[in-house]
Amino acid sequence: MSLPEHPATSTPPPAANLLPVAVLLWLAGVYLRIPILVAPPLAPFIGDELALSQTLTGALTTLPILMLAIGAMPGSLSISRIGPRNTLALAMAIMVIGSAGRGLAPDTLTLMLTSTVMGLGIAMMQPALPALLPRWLEPKHLAFGSAIYMNGMLMGEFIGAGITLPVLMPLLENSWRATMLAWSLPALLITAALFLPKRDLARPAHKVAWLPDWKNPLTLRLGLLLGASASLFFGVNAYMGALLEQRGEFENLSEALFWFNFAQVIASLLMLKMARHWVGRKAPLVTMLACGLLGASGALLFTGWWAIASATFMSFTVGVLLIMTVALPPLLVPASETGRLSAGNFLVGYTIAFVIPMLGGLLSDWTGDIRHAIAVMIAYGILVLPLAIKLNLQRQ
């Protein structure tokens, strides 16, 4: 008979179970980003068939990112009622319905609705994963577990953006619809496999709070820090093409985006080794944020490959910062509080990741200089830096 998931009555899994649990965490992490990042390479084909405007084509990527903020609260509510594993399974099923539904969408309205559903599923997955870690892993493995699924997430970014066009689509007769289905449906196997570990099957022993605790300073401060990392990554990714075009270097875009996104993979691999040494310590957080701001500044001040190298360095450092930030809730609060703290962080962080690049874009439209868009993100990061320095990382 399976043990209940309530932390007071459950026992840590034996060490022999660490590998299959790590594999499940990694695969779930991959699907935090693949459904979002396959949209940009497929967007031209989708736009041609469904006659999408540039705004609607861009919404294929930006709408799910907005949902990462909006959907955090339903995820927290679900965790408090049915537990983190059941929430993760439900969220992955919702994600598959939305992601596969995009491949079957007959018109623009259906395409946007299914993209919204997909984003909701991914948003619910985000707080479920850190909330699941204390149920599946021993305390000494919590930082490693966070690094595992975050490595999967960042690998998902690279895989989705990198092999969709050159590898998968030609195997499927260049059909964007078949490609969407091929990326989406395997997640159902992962969903079923989540129930293989012999723990966490029952409902929680009692209902727990699910709304963010705004009296807890970690809710806002970790969210603001997460927003700095995410806005720099998504914002520079979004404006890279326009920046290179303004400089007359547009021919470098493909290689620039490759190295920019690959840097996050390297960051996640580094954190598999360094997570237990760095997660929970203030100095690495402050250092990575400061280095990220220096890299972003270099992307503005330099030209040519020096600018691309600076942007790549920024991507690497904010990737490390992202992993360290997301890994903090299981270490700082009891297991019953992890879900709602993570959900509050994602609500704040991804709202900022949507708003700050958008404000930067509006400023650049007004001034006619795309560098001002990135300058807005740097300015926000500078404002957050003192918060990182004063952050209290003592367990509550």
Counted residues, the stretch 271-297 - those being surrounded by 21 or more Cβ atoms within 10 Å (Cβ to Cβ) and of a type outside the set (V, I, T): 10
Residue check for T110: surrounded by fewer than 24 Cβ atoms within 10 Å (Cβ to Cβ) and either closer than 18 Å to L90 by Cα or modelled with pLDDT of 90 or more (or both): yes
In the set S268, S254, the lone residue that is modelled with pLDDT under 95, part of a helix (DSSP H, G or I), surrounded by 24 or more Cβ atoms within 10 Å (Cβ to Cβ) and out of contact with any His (no Cβ under 8 Å at 6 or more places or on another chain) is S268
Of everything in the stretch 245-299, what is of a type in the set (G, A, S), within 24 Å of R371 (Cα to Cα) and touching a residue at least 60 places away in the same chain (Cβ under 8 Å)? Give them in sequence order. A290, G292, A296, S297, A299
Of everything in the stretch 323-376 that's in a loop (DSSP other than H, G, I, E, B) and more than 24 Å from I308 (Cα to Cα), which residue is farthest from the chain's Cα centre (by Cα)? P334
Quick one: is T179 β-branched (V, I, T) and surrounded by fewer than 23 Cβ atoms within 10 Å (Cβ to Cβ)? no
Please verify whether L300 is within 19 Å of K390 (Cβ to Cβ), open to solvent by 10 Å² or more (accessible area, probe 1.4 Å) and in a helix (DSSP H, G or I), treating the condition exactly as stated. no
Would you be able to say whether some residue in the stretch 3-16 is in a helix (DSSP H, G or I), of a type outside the set (F, W, Y) and modelled with pLDDT of 75 or more? no
How do the helices (runs of 4 or more DSSP H) wholly within the stretch 27-91 filter down when requiring 2 or more residues that are at pLDDT below 85 and surrounded by 24 or more Cβ atoms within 10 Å (Cβ to Cβ): which remain? 54-70, 72-82
Determine if the stretch 357-366 includes at least one residue that is among the hydroxyl-bearing types (S, T, Y) and buried (at least 24 other Cβ atoms within 10 Å of the Cβ). no
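The values are calculated or read from the model by the stated rules, or taken from the named source; none is laboratory data. Computed from a prediction, not measured in an experiment: that's the story for all the values here. Counting neighbours? That spans all protein chains shown, and the Cβs are built from the backbone with ideal geometry, glycine included. For the accessible areas, the whole protein counts, side chains as well, though only heavy atoms, and no ligand, DNA or RNA atoms are used. Shrake-Rupley method; radii C 1.70, N 1.55, O 1.52, S 1.80 Å.
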